[in-house]
């Protein structure tokens, strides 16, 4: 079953316009992959991009990409992203990088939450993902 047959992206006309996300994502006959919140640590466990949201966001998406690869799926199979930012005003920076990874024609459902602090003082972003696969 192809991604197009497993996943349906819907933006009802009765809901507000979207900007880089989909209101309703329906997955059928698929296994669900939950990816824990990823932070900007590299494979050695070292922080990437201290004080640099751009660099941190790119590392987080690379970590998610590695997790997706381990589950034998891709960003095309991601149905939901949840963003945790210490400064929500910076979301546009995150969107620019996000759009280099996700399917922008059929973007996943999405939530953004501003948080006071993450697991380490110098971490600015955490992202968790849900994907579906065969």
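Please treat every number below as a calculation from the coordinates, not as lab data. Quantities reported herein were computed from a predicted structural model and do not represent experimental measurements. Every residue, glycine among them, receives a Cβ derived from its backbone with ideal geometry; neighbour counts consider all protein chains shown.
For segment 51-66, give me each residue that is out of contact with any strand residue (DSSP E or B) (no Cβ under 6 Å at 6 or more places or on another chain), surrounded by 16 or more Cβ atoms within 10 Å (Cβ to Cβ) and farther than 14 Å from residue 129 by Cα.
Within segment 51-66, 53, 55, 58, 59 meet the criteria.
Within segment 64-99, how many residues turn out to be in contact with a helix residue (DSSP H, G or I) (Cβ under 8 Å, 6 or more places away or on another chain), in contact (Cβ under 8 Å) with a residue 60 or more places away in the chain and assigned to a loop (DSSP other than H, G, I, E, B)?
Number satisfying all stated conditions: 0.
Can you tell me which condition residue 34 does not meet? The list is (1) outside any loop (DSSP other than H, G, I, E, B); (2) touching a residue at least 60 places away in the same chain (Cβ under 8 Å); (3) within 24 Å of residue 92 (Cβ to Cβ); (4) within 15 Å of the chain's Cα centre (by Cα), and all the others hold.
So the condition that residue 34 fails would be (3).
Since residue 114 meets every condition but one in (1) touching a helix residue (DSSP H, G or I) at 6+ places or on another chain (Cβ under 9 Å); (2) surrounded by fewer than 15 Cβ atoms within 10 Å (Cβ to Cβ); (3) in contact (Cβ under 8 Å) with a residue 40 or more places away in the chain, which condition does it not meet?
Failed condition: (3).
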